[in-house]
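Have a look at the structure below before the remarks.
The values are calculated or read from the model by the stated rules, or taken from the named source; none is laboratory data. Everything quoted here is computed from the prediction, not taken from an experiment. With ideal geometry, Cβ positions are generated from the backbone for all residues, glycine too; neighbour counts draw on all protein chains shown. The protein model used for the area step is the full one, side chains on, heavy atoms only, and it has no ligands, DNA or RNA in it. Shrake-Rupley method; radii C 1.70, N 1.55, O 1.52, S 1.80 Å.
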Amino acid sequence: MKRGLVLEGGAMRGMFTAGALDVLMEEGIEVDGVIGVSAGAAFGCNFKSRQIGRTIRYNKQFCRDKRYCSLWSLLTTGDLYGMDFCYRQLPEELDLFDNDAFDENPLDFYVVACDIGTGEPVYKKCNKVEQNLLEWLRASASMPLVSRIVEIDGHKLLDGGICDSIPLAQMERLGFQKNLVILTQPADYRKTPNSAMPLIRRIFKRYPEMVKIMENRHLMYNRQADQVAEKEASGEILVLRPKEKLPVGRIEKNPDKLQAAYDLGREAALERLAEIKTFLAKEE
């Protein structure tokens with residue numbers, strides 16, 4: 001029975017996920033596959049490369065660096081999160097991503113992005129760094145209105161959370177029957193309609209399918225959240241989530257708040273560590 005991790009996005013709420021993943025790595029807990037959306041993919045790749053502490057380390061160090069995330073970056077490059085800094089300088093020079101460890105780890109790693117032409121999710125299996133991993137991570141985490149469209153393999157892509165915010169169903173379709181789902185919102189959270197829709201309709205008028213899914217995204221998310229709750233109640237899946245709203249903004253510049261969200265993720269995983277180990281135990 002294949003065991004999987006399903007990682008929701010949420011920009012800097014992903015520090016909660018990073019904390020939980022670090023505990024799993026410290027405890028030697030392994031799975032057969034990971035699927036990540038947006039920050040879930042960008043931070044979750046460190047689980048496959050087995051780099052404990054890397055996510056919280058570089059985010060705290062560079063959260064106030066204008067090259068990393070800033071209005072200056074948006075105005076000068078078209079991306080709120082600087083493409084060259086985040087996806088070249090950071091992993092190749094400043095806080096090295098372990099390409100060899102990522103490639104050698106046999107678990108399957110899936111990234112979710114949204115094709116804005118079709119309005120459909122694109123699921124990319126990236127088991128090797130050379131499989132355009134960093135570009136797929138960038139696509140998955142490219143938030144509408146503050147990011148340039150990423151073109152890969154004939155797709156025009158943006159944030160995977162637009163199309164499939166909690167890709168549990170996709171993981172099940174791939175044959176993963178025992179899934180640990182890590183969410184970045186509390187159990188009672190439900191999305192409301194997007195207040196930026198007038199601007200989105202103007203900016204993306206050439207992409208009517210994109211506009212349609214953005215109009216209905218709250219419905220999709222809430223349906224998925226309900227499905228997760230039902231499967232959790234039946235014992236089909238295990239879910240880690242914050243007990244209440246995280247003390248961190250989507251675009252957070254305060255290192256102490258990032259640390260607080262990370263610590264809450266660690267606490268959530270440690271609190272249920274025995275349960276996680278039993279649930280994800282490999283069957284002989």
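Please pick out the residue among Arg57, Arg88, Arg64 that is open to solvent by 60 Å² or more (accessible area, probe 1.4 Å), in contact (Cβ under 8 Å) with a residue 40 or more places away in the chain and closer than 24 Å to Asp263 by Cβ. Selected residue: Arg64, the only one of Arg57, Arg88, Arg64 that is open to solvent by 60 Å² or more (accessible area, probe 1.4 Å), in contact (Cβ under 8 Å) with a residue 40 or more places away in the chain and closer than 24 Å to Asp263 by Cβ. A single entry from Pro106, Pro121 fulfils the requirement of being open to solvent by 10 Å² or more (accessible area, probe 1.4 Å), part of a loop (DSSP other than H, G, I, E, B) and over 25 Å from Ala261 (Cβ atoms): Pro106.
On the given criteria, is Val211 closer than 30 Å to Ile276 by Cβ and not charged (D, E, K, R)? No; evaluated as a whole, the condition is false for this residue.
On the basis of being in contact with a Cys (Cβ under 9 Å, 6 or more places away or on another chain) and in a strand (DSSP E or B), does Cys114 make the cut? Here the answer is yes, as Cys114 does meet what is asked.
Within the stretch 168-184, is there a residue that is of a type in the set (Gly, Ala, Ser) and surrounded by 16 or more Cβ atoms within 10 Å (Cβ to Cβ)? Break it down stepwise before answering.
At the first step, the residues of the stretch 168-184 found to be of a type in the set (Gly, Ala, Ser) are 169, 175.
Applying the additional criterion that residues be surrounded by 16 or more Cβ atoms within 10 Å (Cβ to Cβ) yields none.
No, the stretch 168-184 contains no residue that is of a type in the set (Gly, Ala, Ser) and surrounded by 16 or more Cβ atoms within 10 Å (Cβ to Cβ).
Scanning the stretch 146-162 for residues that are assigned to a strand (DSSP E or B) and surrounded by 15 or more Cβ atoms within 10 Å (Cβ to Cβ) turns up Val150, Ile152, His155, Lys156, Leu157, Leu158, Asp159. For the stretch 248-281, the set of residues classified as open to solvent by 50 Å² or more (accessible area, probe 1.4 Å), within 17 Å of Tyr58 (Cβ to Cβ) and outside any helix (DSSP H, G or I) consists of Ile251, Lys253, listed by residue number.
Give the stretch 185-196 a look and list any residue that's in contact with a Ser or Thr (Cβ under 9 Å, 6 or more places away or on another chain) and buried (at least 18 other Cβ atoms within 10 Å of the Cβ), or say none. It would help to see each step written out before you state the result.
Taking the stretch 185-196 as the starting set, the residues that turn out to be in contact with a Ser or Thr (Cβ under 9 Å, 6 or more places away or on another chain) are 191.
Hits for the stretch 185-196: nothing passes.
Out of the stretch 66-97, which residues are more than 19 Å from Gly9 (Cα to Cα), charged (D, E, K, R) and either at pLDDT below 95 or not in a helix (DSSP H, G or I) (or both)?
The initial filter retains those residues of the stretch 66-97 that are more than 19 Å from Gly9 (Cα to Cα), namely 66-67, 70-78, 84-85, 88-97.
Narrowing the set further to residues that are charged (D, E, K, R) leaves 66-67, 84, 88, 92-93, 95.
Selection gives Lys66, Arg67, Asp95.
Name every residue in the stretch 213-236 that is open to solvent by less than 80 Å² (accessible area, probe 1.4 Å), part of a helix (DSSP H, G or I) and either within 11 Å of Lys191 (Cα to Cα) or among the polar types (S, T, N, Q) (or both), in order of residue number. Arg217, His218, Met220, Tyr221, Asn222, Gln224, Ala225, Ser234, listed by residue number. Do the conditions hold for Met210, that is, is it surrounded by 20 or more Cβ atoms within 10 Å (Cβ to Cβ), farther than 23 Å from Leu5 by Cβ and touching a strand residue (DSSP E or B) at 6+ places or on another chain (Cβ under 9 Å)? The answer is yes for Met210. Among the conditions (1) in contact (Cβ under 8 Å) with a residue 12 or more places away in the chain; (2) of a type outside the set (Ser, Thr, Tyr); (3) assigned to a helix (DSSP H, G or I), Asp100 misses just one, which is (1).
Applying the criterion of being open to solvent by 10 Å² or more (accessible area, probe 1.4 Å) and either assigned to a loop (DSSP other than H, G, I, E, B) or of a type in the set (Ser, Thr, Tyr) (or both) to the residues of the stretch 39-54, the residue that is farthest from Asp256 (Cα to Cα) is Arg50.
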